[in-house]
Amino acid sequence: MRVIAGESGFVRLEVLARLTLADMFVAESAEQALSTLPNHNHPIFLSTHGPYLRARQSLTEARIAARQGKFHLSNRFANVALDHARRFELGRLEVAALLCTAVACAGTGRSAVSEQRVADAIAIASRLGCYRTFLDERWHLEALGPISTPLLNLIPSEEELGRREPAPGDYRVRSPRSTTSVVLTRKELAMLQRIREGLSNRDIASKHRISEDTVKWHIRNLFAKLAVKNRVQALLESERLGILQ
């Protein structure tokens, strides 16, 4: 595909093929994976496809660094991919980047943060229904050997991941204007309570011992479920629905 795309002038397809090949080479040879990656100065990165392709490249570079045991470097690359994925709402890429940061954190001895990243990835995969993307990431984790074993044990089966039943402590909300309902997780309810208390993202992160990125992610999910755009609207809507008494 890479050869045909190159001969036909399909630049975006050629770059995607290179990135896919590099991902496949990671398990066998980090050097071969690196040599397959497109040049950082490639003009495609300045096009409208640039943000997605840059995120994909950063993610692949993170996987290569992890394969080489350079976990601090892997974490840096993975966070670049994660930032791009969140900024441009690339849900599937966000799942992959979170799992990559989980590996990097595990490699640097931050097991609690690593487990939180896996939990965040599971939550996004469940919300978006991108189960295949999530499960495909097992291949990259398995290729890393013992360092990823604890993370693999956290990943549910395909059947478990596909279940949409609310967990204990979740709150089901039914809007008076609609017959549909939304389910707020315990973490989202906690974020809502902290918002009512007037806490900043940093204060919430400190209180719950999680990262500010995780706080932002939970709040973003909360806003999406309540169909609001800011904290004031979230409080007003939650009071109208009877969530906050």
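The values are calculated or read from the model by the stated rules, or taken from the named source; none is laboratory data. Because the structure is predicted, anything quoted here is derived from the model rather than measured. All Cβ positions, glycine included, derive from the backbone under ideal geometry; neighbour counts span all protein chains shown. Calculation scope for accessible area: heavy atoms of the full protein, side chains included, ligands and nucleic acids excluded. Shrake-Rupley method; radii C 1.70, N 1.55, O 1.52, S 1.80 Å.
Think of each Lys and Arg Cβ as +1 and each Asp and Glu Cβ as -1; about the Cα centre, that makes the dipole of the chain roughly 880 debye.
Cα axis of helix 91-107 to longest principal axis of the chain: angle in degrees, 0 to 90, nearest 10? Relative to the chain, helix 91-107 is tipped by roughly 80 degrees.
Against the chain, whose longest principal axis is taken from its Cα atoms, helix 111-128 shows a tilt of about 80°. Residues whose amide H comes within less than 5 Å of that of V183, counting only those at least five positions distant or on another chain, are V173 (H built at 1.01 Å from N in the peptide plane). When the chain is described by a simple charge dipole with +1 on each Lys and Arg Cβ and -1 on each Asp and Glu Cβ, the residue from V3, S74, L222 located farthest towards its positive end is L222.
Compute the helix-to-body angle for 131-142: its Cα long axis versus the longest principal axis of the chain, expressed 0 to 90° and rounded to tens. Roughly 50 degrees, rounded to the nearest 10. Restricting the calculation to Cα atoms, the stretch 1-79 yields a radius of gyration followed by a Dmax of 12.6, 39 Å. Against the criterion of solvent-accessible heavy-atom surface with a 1.4 angstrom probe, W139, W217 sort, most first, into W139, W217. Taking the Cα centre of the stretch 32-123 as reference, the dipole from Cβ charges on Lys and Arg (+1) and Asp and Glu (-1) amounts to some 180 debye. Computed on the chain, with alpha-carbon pairs under 8 angstrom and 6+ residues apart, the relative contact order is 10 percent.
Restricting the stretch 54-123 to chymotrypsin sites (Phe, Trp or Tyr not before Pro) that sit in a DSSP loop and have at most 16 other Cβ atoms within 10 Å of their own Cβ leaves F88. Accessible-area rank, largest first, for V3, V26: V3, V26, with all protein chains present and a 1.4 angstrom probe.
Summing Lys and Arg as +1 and Asp and Glu as -1 over all other residues whose Cβ lies under 14 Å from the Cβ of E14 gives a net charge of +3.
The chymotrypsin sites (Phe, Trp or Tyr not before Pro) of the stretch 16-61 include none that DSSP puts in a loop with a beta carbon having at most 15 other beta carbons within 10 Å. Of the GluC sites (Glu not before Pro) in the stretch 11-87, the ones in a loop by DSSP (not H, G, I, E or B) with at most 16 other beta carbons within 10 Å are E28.
Largest accessible area first, the residues L135, L21 order themselves as L21, L135 under a 1.4 Å probe with ligands, DNA and RNA left out. Considering only S200, A106, H140, and ranking their Cα positions along the charge dipole of the chain that arises from unit charges at the beta-carbon of Lys, Arg, Asp and Glu, the one farthest toward the positive end is S200.
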